[in-house]
Amino acid sequence: MSSFQVVDSSPGSSVSIMETSNFAHVIFQNVGKSFLPQAPLECHYTLTPYIAPHPKDWVGIFKVGWSTARDYYTFLWSPMPENYEAGSTVHRTVVFQGANHYTHSAL
């Protein structure tokens, strides 16, 4: 059985609601249903204490109906946090720049 809860963040926070789960190791906040192709796209996410950041971590934009990790339009390497302590929660952001949203790259 899974453990799932919705956690309200404090007023004034950039995150209004964060969903947590004992199965989720990366939680994306405020994911939009659509975006403008030429506008920068900010992707905010949290690494839970159940996963440690790695230099080869990346965030990708995937086409609807994706079935493999190779079905991405584009990706960005996830920045490594400074002064990381094992077992801590890490908040990160990557920004996809306009035209790169639809650039397809091969692994």
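The values are calculated or read from the model by the stated rules, or taken from the named source; none is laboratory data. Since the structure is predicted, the reported quantities are computational estimates derived from the model, not experimental observations. Cβ: placed from backbone, ideal geometry, glycine included. Neighbour counts: every protein chain shown.
Yes/no matrix, rows are residues, columns are (1) exposed (fewer than 13 other Cβ atoms within 10 Å of the Cβ); (2) among the aromatic types (F, W, Y):
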position	(1), (2)
Q38	yes, no
C43	no, no
K56	yes, no
G65	yes, no
Y72	no, yes
L76	no, no
E82	yes, no
R92	no, no
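Against the condition loosely packed, with under 10 Cβ neighbours inside 10 Å and modelled with pLDDT under 90, how does M18 come out, does it pass?
Working: loosely packed, with under 10 Cβ neighbours inside 10 Å: no; modelled with pLDDT under 90: yes.
No, not satisfied.
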Scanning region 28-76 residue by residue, those assigned to a strand (DSSP E or B), among the aromatic types (F, W, Y) and farther than 15 Å from H91 by Cα turn out to be F62, Y72, Y73, F75
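Considering each residue of region 77-93, count those that are in a strand (DSSP E or B) and not hydrophobic (A, V, I, L, M, F, W, C), and give that number. Walk me through it before giving the result.
Here is the first cut: in region 77-93, the ones in a strand (DSSP E or B) are 77, 90-93.
Retained after the next criterion (residues that are not hydrophobic (A, V, I, L, M, F, W, C)): 91-93.
Within region 77-93, residues that are in a strand (DSSP E or B) and not hydrophobic (A, V, I, L, M, F, W, C) number 3.
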